Structure formats: C-alpha cells, structure tokens
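Participant: For reference, the structure I am asking about is given below.
No lab work stands behind these numbers, since they all come straight from the coordinates. None of these values were measured; they are calculated from a predicted model. Here the Cβ positions follow ideal geometry from the backbone for every residue, glycine too, while neighbour counts run over all protein chains shown.
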Amino acid sequence: MSGGGEIFFLLAVFVILLTIEGLYCLILSFNLLRVLLGLELLTKGVTLAIAAAGFATGRIAFVQPLIITVIIIETVVVAVASGLIVAIARRHDSLSVRTTRRLKG
C-alpha cells in the first residue's frame, strides 16, 4: 500500500470503531453519562468520517468549515445534556435511564 492508502485505511478503521462503540453505548447502556459518552463517540466517528472523505477527495478546504460546525454543535449539545443530567441526578439521586422513564412532562 502507498502512504495515502494506509492512512485512509486507518481512518476507515477508526471511523468504524468509533461508530460501533458509540452505538453500543447509546443502545445498550442504562447510565445517562454512558449515553452521553456514546453520543460523543458517535459524533467523533462522524467527524472523522467527514475528514476522511475530504482527505480522500482532496477537498480539505471544503470539509474544514463543516467539521468546525459539527464540533460547535456537539459542544452545545454536550453542555445542555450535561445540565440535564445534573438536574436529573439531583432530583432522583440516580443516573439510570430507568428512573427518567417515570418522568412526566
């Protein structure tokens, strides 16, 4: 393999691993912090996939603003979700998803 092919292969492997780990945490975890961590891993996998696509097509300048936008949106989502998790933990003394299913709104 050439140098570019090896890098693209490694990026593809990391994208797949991050996406699988993120989906695993989102689907099979009952702890709110683990769900948030899974969301983070999934978003990092998508960001890395966008970067790998830009690298493969040679359009790095087009991909960079998109990646920055994804990072900013991810930061806002994590800040809001962290606040919600803290509020739920204070109210129910638990971070279990099962306790939040009893909430009525």
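Participant: Sort out which residues of segment 30-80 are in contact with a helix residue (DSSP H, G or I) (Cβ under 8 Å, 6 or more places away or on another chain), without any contact (Cβ under 8 Å) to a residue 24 or more places away in the chain and of a type in the set (Gly, Ala, Ser), and write them in order of number.
Facilitator: GLY38, ALA53, GLY54
Participant: Out of segment 81-105, which residues are free of Cβ contacts under 8 Å to residues at least 40 places away in the same chain and either exposed (fewer than 10 other Cβ atoms within 10 Å of the Cβ) or not in a helix (DSSP H, G or I) (or both)?
Facilitator: Matches in segment 81-105: ARG90, ASP93, SER94, ARG101, ARG102, LEU103, LYS104, GLY105.
Participant: Is it the case that segment 33-50 has a residue that's in contact with a Gly (Cβ under 8 Å, 6 or more places away or on another chain), of a type in the set (Ser, Thr, Tyr) and surrounded by fewer than 17 Cβ atoms within 10 Å (Cβ to Cβ)? Break it down into steps so the answer makes sense when it comes.
Facilitator: Taking segment 33-50 first, the residues in contact with a Gly (Cβ under 8 Å, 6 or more places away or on another chain) are 38-45.
Pick out the ones that are also of a type in the set (Ser, Thr, Tyr) and you get 43.
Of the ones still in play, those that are also surrounded by fewer than 17 Cβ atoms within 10 Å (Cβ to Cβ) are none.
Within segment 33-50, none of the residues are in contact with a Gly (Cβ under 8 Å, 6 or more places away or on another chain), of a type in the set (Ser, Thr, Tyr) and surrounded by fewer than 17 Cβ atoms within 10 Å (Cβ to Cβ).
Participant: Give segment 36-69 a look and list any residue that's over 10 Å from the mean Cα position of the chain (by Cα) and over 23 Å from GLU6 (Cβ atoms), or say none. Write out each step before concluding.
Facilitator: If we filter segment 36-69 for residues that are over 10 Å from the mean Cα position of the chain (by Cα), which is where we start, we get 48-69.
The answer is ALA61, PHE62, PRO65, LEU66, ILE68, THR69.
Participant: Limited to segment 1-33, what total is found for residues that are polar (S, T, N, Q), part of a loop (DSSP other than H, G, I, E, B) and within 25 Å of LEU84 (Cα to Cα)?
Facilitator: Counting residues in segment 1-33 that are polar (S, T, N, Q), part of a loop (DSSP other than H, G, I, E, B) and within 25 Å of LEU84 (Cα to Cα) gives 1.
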